[in-house]
Amino acid sequence: MDVRSQISMVFHLDKCIGCHTCSIACKNIWTDRKGAEYMWWNNVETKPGTGYPGKWENQEIYKGGWVKKGDGIELKGAGKAKGLSNIFHNPHLPSIDDYYEPFTYKYLDLVESPAGDDQPTARPISMITGEPMDIKMGPNWDDDLSGSPDYARNDPNLEKLTPAEREAMFQLERMAFFYLPRICNHCLNPGCVASCPSGAIYKRGEDGIVLIDQSVCRGWRMCVTACPYKKTYYNWSTGKSEKCILCYPRIEAGHAPACMHSCVGRIRYLGVLLYDADQIQSAASADDADVMHRQMGMILDPRDPAVIAAAKANGVADSTIDAAQRSPVYQFVKEWKLALPLHPEFRTLPMLFYVPPLLPVMASVKEVDNSAQAEKMNATAKYWPDSWLYDTTTKAMFGTIDDARFPLQYMANLFSAGDTKEVADRLKKLMAVRLHRRQVTVGDVKPETVAEALADTGLTPQTADDIYYLTSLARFDDRFVIPAAHREQAIEMMEFTGDVKGNTGFGFKSGTAQRGA
Amino acid sequence: MNANALNLFLFVGLPYVALIVCVVGVLYRYRQRGFTVTSLSSQMLERKSLFWGSVPFHIGIVVVFFGHLLTFLFPRATLAWNSAPVRLIILEVTAFTFGLTVLVGLGALMYRRFTNSRIRAVTTRMDIVLEILLLTQIVFGLWIALGYRWGSSWFAADLSPYLWSLLTLSPETGAVFALPWVIKIHIVGAFLVVLIIPFTRLAHFLVAPLHYIPRPYQQVVWNWDRRAIRDPETEWSRARPRNN
Ligand code: SF4
Ligand code: SF4
């Protein structure tokens, strides 16, 4: 057992309001530089939708991530043979138009135009060439456009759905969507690291943050291809790749990253997970259906004495172990089994987990005549005679596609490599917690209903209350349990990143003693 | 200035200046300004026409470069190979073909650079200097291959000893001084290319990522020795990172 610690995250999707505050916080700190204007280390996309860059999930286009080969795995579109032979021209590299061409407006024309008959206008100009341009695409122009032909209907996750299911999703009266905020997942088996010919990308041993050493990167741009989440970006001006650094200067000081600190919906949680690094290879090489389970299996119980001893032997600090024991991420992911990784089938073992959204999956709120259905419903369902309520019995909730606004399969394609049971389990738990709280606060739900729902999902009232607390009431310190770097270990925080803001965005890290692997 | 002085400057002074500037410049740039060492790929801004430029250019220039290098390093082997006419022809035709490949690729790259507004936005003055210099080199190289046969043989017989004599600090210039001006320009151009390596994007060929091949795929970096750090028997400060 090789115990390592990883700063990892949970995003609770039911709570995301799609405000993009997170993206702006990140942009203002890290990517307001020449060559980085188009980069959104944190972006929020509307699902169903094509996302950013367009159709990033379609690995037949972008060739990201790992694929199984024999007993092991290989990078789909990069690696030693493929990467080096494509080094002069990488056929799978997205072009800037797959993201969008960054633009601004000639505001000065508004005040400096000579007097004339017409109002002066501020024309859009490209931030690359400085020439006037027609804006075709901008950041998050897919916002809220569920059902639109350009975005939603091109969502790669729809591929495995039947035509009927797809049509049902986009009927106007049952249309639904949700937001998917994305940052780098700081994976355990990162494609970006493996694909970098220069060896500029590395995972920090102490906290698992994946970084690109800017003075070692040579612009071979294989990482852009190899990251299946398209979370490394090529800076066309400096000729270096850049990615989310999980605000490591803030993390080292014990602060939450900017996107998480500013999150309006308070959907973000950050904490330490202890995991067994010996299992990385085998977990990443498991069968498609198993990868997710194997990944969950790598996460260790921070209260287990054997784990603690092994962690200490590996140099994990006491404060980190303590943080791991109080980690909200551990609760969501392992204890309560509420969160799932995004696209585990890409096999990078992403360490950002999502609580799948409940609302788009629930039955419609339309007023209907329930009487015919009452036959089919189980005993508990009949406690709601009102025909406009959600059908909230855990058994009937996901009955058929006619009940759900979103096919469960769609969620499963996103979060569990197509395994609907995993998603359904989590959604049922969320529903059970709601029923339980409804009973506590309003009291119009029969106790037997709640008891059945809780029993169904294996929750106790106490656990349900805990989930409710961490979901809805949790304060800042509950959501972010971050062990500050030890002063004697804090290397990178010695560099004042403000010094280099405006030229490289973050500090040069050079000459660190390289040990282990 | 008389012809001899000019010759001395171009074929004795210039190569030494070029080599020293190159070595010092590259070391300085690599160590102190590592951030600037990059291939500066523009593929993200334009990728279709890049393919028809970058791929033939790079493949061609790698072959041509190693052709020159090997002839310089192993003149006798080259002459031995060339002793059979068939092998000589094979060598010359191959070299010429790859030379043409470079020409085509470079032409496509330069056309792209001058016509695409996005690429113009990331073009520096040194990029243009370098491309014109390389274009001159390749044009003269092809001209020499056609007009002054057989280059591989007389390179091995005359130029290789000259270059070696430069390296051993006892320049023997007789043979070079007597060469036709077309070849002289090609040689001087080569020294100029060496000279400007540290000041251009050309430096990226020096960091060709061959160390990727033996490397394990995943890289984890510990800022401190993780096994020693919690062990009271060791002094962890022994392994103090250098950047602190
Ligand atoms: S999400 Fe992409 S960039 Fe981030 S660690 Fe994983 S592979 Fe690398
Ligand atoms: S700030 Fe929070 S709520 Fe707003 S879009 Fe970002 S993740 Fe969603």
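Using DSSP H assignments, which helices in chain B have an axial alpha-carbon span of 30 Å or above and a mean Kyte-Doolittle hydropathy of 1.6 or higher?
Result, helices passing both filters: B:125-147.
When only alpha-carbon atoms are used, what values of Rg and Dmax, in angstrom, describe the protein assembly as shown?
31.2, 111
If you find the alpha carbon centre of segment A:78-94 and of segment A:302-364, how far apart are they in angstrom?
34 Å
Any chance you could run the full-extension gain for B:E172 through B:L6? It's 0.36 nm times the residue separation minus the Cα-Cα distance, nm to one decimal.
Stretched out fully, the B:E172 to B:L6 stretch lengthens by 58.2 nm.
Could you pull out every one of the lysines with an alpha carbon less than 25 Å from that of A:K446, ignoring same-chain neighbours closer than 8 positions?
Straight-line reach from A:K446, under 25 Å: A:K366, A:K376, A:K382, A:K395, A:K428, A:K429.
All other residues with a Cβ under 14 Å from the Cβ of B:V23 taken together, and with Lys, Arg as +1 and Asp, Glu as -1, what is their net charge?
Details: positive: B:R29, B:R31; negative: none.
Charge balance in the 14 Å sphere: +2.
Please list, or write none, the lysines whose alpha carbon is within less than 18 Å of the alpha carbon of A:K106, excluding same-chain residues fewer than 8 places away.
Cross-link targets: A:K34, A:K136.
For each pair in A:K240/A:K337; A:K203/A:K337; A:K312/A:K334; A:K82/A:K240; A:K27/A:K421, compute the distance between the two Cα atoms and list the pairs where it is over 30 Å.
Beyond 30 Å: A:K240/A:K337; A:K27/A:K421.
Taking R0 as 51 Å, what's the FRET efficiency between A:A451 and A:A289 from their Cβ-Cβ distance, rounded to 0.05? It would help to have the intermediate numbers written out before the result.
Details: r = 33 Å, r/R0 = 0.64.
In this case the efficiency is close to 0.95.
Please compute the per residue accessible area over the protein assembly as shown with all protein chains in place, 1.4 Å probe, rounded to a whole number of Å².
44 Å²
Counting only other chains, and only Cβ atoms inside 10 Å, what mean value do you get across the residues of A:80-88?
Mean shielding count: 4.
Counting only other chains, and only Cβ atoms inside 10 Å, what mean value do you get across the residues of A:194-200?
Numbers: counts 5, 2, 5, 8, 9, 5, 2.
Counting Cβ atoms of other protein chains within 10 Å of each residue's Cβ and averaging gives 5.
Of the cross-linked pairs A:K230/B:K48; A:K55/A:K160; A:K47/B:K48; A:K47/A:K69; A:K15/A:K243; A:K47/A:K68, which ones have a Cα-Cα span greater than 24 Å in the structure shown? Don't skip to the end; give the middle numbers.
On the way: A:K230/B:K48 21 Å; A:K55/A:K160 15 Å; A:K47/B:K48 31 Å; A:K47/A:K69 31 Å; A:K15/A:K243 26 Å; A:K47/A:K68 28 Å.
Where the Cα-Cα span goes over 24 Å, the pairs concerned are A:K47/B:K48; A:K47/A:K69; A:K15/A:K243; A:K47/A:K68.
Is it possible to state the helix-based mean residue ellipticity at 222 nm for the protein assembly as shown, with each DSSP H run of 4+ residues giving -39500 (n - 2.57), the sum divided by total residues, to the nearest 500 deg cm²/dmol? What is it? Please report the intermediate quantities before stating the final value.
Numbers: 31 runs with 298 residues, N = 761.
Mean residue ellipticity at 222 nm (helix-derived): -11500 deg cm²/dmol.
The values are calculated or read from the model by the stated rules, or taken from the named source; none is laboratory data. These figures come from a predicted structure and were not determined experimentally. Neighbour counts run over all protein chains shown; Cβ positions are idealised from the backbone, glycine included. In case anyone asks, the SASA skips ligands and DNA or RNA and just uses the protein heavy atoms, side chains included. Shrake-Rupley method; radii C 1.70, N 1.55, O 1.52, S 1.80 Å.
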